[in-house]
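The values are calculated or read from the model by the stated rules, or taken from the named source; none is laboratory data. Quick caveat, the model's predicted, so the values are computed rather than measured. Glycine also receives a Cβ, built like all others from the backbone with ideal geometry; neighbour counts cover every protein chain displayed. Side chains included, ligands, DNA and RNA excluded: accessible areas come from the protein's heavy atoms. Shrake-Rupley method; radii C 1.70, N 1.55, O 1.52, S 1.80 Å.
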Amino acid sequence: MANTKPDQLKRVLKPVHLWAIAVGLVISGEYFGWNYGWGVSGTIGFLVATLVITLMYVTFIFSYTELTTAIPHAGGAFAYAYRAMGPLGGLIAGYATLIDFLIATPAIAAALGAYLHFLNPDIGVLSSALFFNAVFILINIFGIKESAIFSLVITLLAVVELLIYMSIVSPHFKLSNYLSHPMPFGWSGVFAALPFAAWFYLAIEGVAMVAEEVKEPKRNIPKGYILGIATLVVLALGVMVLTGGITDWHKLSAIDYPLPESIGIVLGKANQFTKIFAGIGLFGLIASFHGTIIASSRQIFAMARGGYLPRFLAQVNHKFKTPHWALIAGGIISCVVLKLCDTSQIIVLSVMGAICMYIMSMISLFILRVKEPQLERPFASPFYPVFPAIALLISGITLFAIIWFNFKLSLYFFGGLIIVIFIFMLMGKHKVKILDDVLLEKAEVMLS
């Protein structure tokens, strides 16, 4: 049997592990956030938007995995864009990825606060959201991480809860409720709903980060992704359709706890099972919350180490071996966003970052296929160039729709990007190679 090189990760993950990681990262999107899509598109309009976004994610993740296996780097999309387009391309992709994960964190924190408020109206939403944010930042600084078993168990618990939810509300489903004002804003509403549909799957691309630890990646990565996507599609469509048919959907289109509220409508808010359901729902949110904190802090760490952010953010705590300043910086940003924005705005900003990252990643894939045809690709995108082209096209349409219907938020997003590029150019960093693979390996050893 061949020996494993000391700088290689051990390949131990099977499709079931990939399934758990995929669903665990995304599962909070099934609990809240998507329902804001009803408010801009109606039930049928949102269903159409969800099907379009589902196609985008299926084609994207299989294409994105090619980049991850070919260029295993903690910086993710920013490293791929840097290699394909140089320092400026890396900066744009890195900025987009930061917005994606940094802004998703306060959105989930707000939902956690809303769920607690549902359980006990005396608990303030903002105060509990800030509390969760602080507690999990400290947990990560101290180096307490989820084990694979814990991830699998909590994911199974969250999935089972959603299945129980659907079994409870399905007898109360009325097609007349679901088809009431199905597309009040016409086809324009479908475009407006795209970012909220993306919330169903946001962060599933994080699975690709463990591609180097998968047994037989060419065979098992597609299996894991297919299992994950299939599970999420069934849960998304089931939860969305059934919830829309139990009452007037307008009542659920602007709250952060649509599922507990729906159970309360069916069973009564005073029913003990309603409280139990909301309590268990916290675990699904916590699983995604913990994952986005880890992802955002590692992105800050990787960009700071590469010179894109202040160097002190790349410091690793000597005792706990965690990027403490990166975690603290992310926590501060999360608190500020919670104070300034409501949940729907936070979701739109996070999705905008994700979509920009998807676009930069697919462009990088096409460039690298031409620029580096001999690059070793342990996993190649199936149906190339169709899959990445579909992902790029739908991502572009989605970004245009987000800008069109959320112009003020788009100004904040792109205004921030322009400022970052200006500072980057002023410091002359666009002229030098800043990704140091030796430093990368040393830092990753310290963090492992």
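Values computed for the structure shown
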| quantity | calculated |
| --- | --- |
| Filter result (of a type outside the set (Asp, Glu) and either at pLDDT below 90 or more than 16 Å from the chain's Cα centre (by Cα) (or both)) within region 62-74 | PHE62, SER63, THR65, LEU67, THR68, THR69, ALA70, ILE71, PRO72, HIS73, ALA74 |
| Qualifying positions in region 267-281 - open to solvent by less than 30 Å² (accessible area, probe 1.4 Å) and touching a residue at least 40 places away in the same chain (Cβ under 8 Å) | PHE277, ALA278, GLY279, GLY281 |
| Residue match in region 75-86 (condition: at pLDDT 90 or above and surrounded by fewer than 24 Cβ atoms within 10 Å (Cβ to Cβ)) | yes |
| Residue check, ARG311 at pLDDT below 90, open to solvent by less than 50 Å² (accessible area, probe 1.4 Å) and out of contact with any Lys or Arg (no Cβ under 7 Å at 6 or more places or on another chain) | no |
| Test: VAL153 is free of Cβ contacts under 8 Å to residues at least 24 places away in the same chain, open to solvent by 20 Å² or more (accessible area, probe 1.4 Å), assigned to a helix (DSSP H, G or I) and aliphatic (A, V, I, L, M) | yes |
| Residues of region 229-245 satisfying the condition of being open to solvent by less than 20 Å² (accessible area, probe 1.4 Å), under 19 Å from HIS172 (Cα atoms) and not polar (S, T, N, Q) | LEU235, ALA236, GLY238, VAL239, MET240, GLY244, GLY245 |
| Selection status of LEU51, part of a helix (DSSP H, G or I), free of Cβ contacts under 8 Å to residues at least 60 places away in the same chain, over 16 Å from PHE379 (Cβ atoms) and of a type in the set (A, V, I, L, M) | yes |
| Selection count where residues are part of a helix (DSSP H, G or I) and touching a residue at least 40 places away in the same chain (Cβ under 8 Å), scope region 231-259 | 18 |
| Checking PRO72 against (1) open to solvent by 10 Å² or more (accessible area, probe 1.4 Å); (2) part of a helix (DSSP H, G or I), the condition it does not meet | (2) |
| Number of positions in region 17-39 that are farther than 19 Å from PHE101 by Cα, buried (at least 24 other Cβ atoms within 10 Å of the Cβ) and modelled with pLDDT of 90 or more | 4 |
| Hits in region 317-331 (condition: over 18 Å from ASP100 (Cβ atoms), open to solvent by 20 Å² or more (accessible area, probe 1.4 Å) and either touching a residue at least 60 places away in the same chain (Cβ under 8 Å) or not aromatic (Phe, Trp, Tyr) (or both)) | ASN317, HIS318, LYS319, PHE320, LYS321, HIS324, ILE328 |
| Failed criterion for GLY42 (all others in (1) modelled with pLDDT under 90; (2) open to solvent by less than 10 Å² (accessible area, probe 1.4 Å); (3) under 29 Å from LEU112 (Cα atoms) hold) | (1) |
| Condition check for SER262: within 18 Å of the chain's Cα centre (by Cα), at negative phi, buried (at least 24 other Cβ atoms within 10 Å of the Cβ) and assigned to a helix (DSSP H, G or I) | no |
| Residue within region 392-409 that is among the aromatic types (Phe, Trp, Tyr), open to solvent by 80 Å² or more (accessible area, probe 1.4 Å), assigned to a loop (DSSP other than H, G, I, E, B) and more than 11 Å from MET352 (Cβ to Cβ) present | no |
| Failed criterion for VAL190 (all others in (1) part of a helix (DSSP H, G or I); (2) open to solvent by 20 Å² or more (accessible area, probe 1.4 Å); (3) more than 30 Å from VAL16 (Cβ to Cβ); (4) modelled with pLDDT of 90 or more hold) | (2) |
| Scan of region 299-308 for residues that are surrounded by fewer than 23 Cβ atoms within 10 Å (Cβ to Cβ) and either at positive phi or in contact (Cβ under 8 Å) with a residue 40 or more places away in the chain (or both), ordered by number | GLY307 |
| Within region 339-365, tally of residues that are under 22 Å from VAL135 (Cβ atoms) and either at pLDDT below 90 or not in a helix (DSSP H, G or I) (or both) | 4 |
| Region 101-115 residues that are acidic (Asp, Glu), paired with ones that are buried (at least 24 other Cβ atoms within 10 Å of the Cβ) and modelled with pLDDT of 90 or more (beta carbon under 9 Å, 6 or more apart) | none |
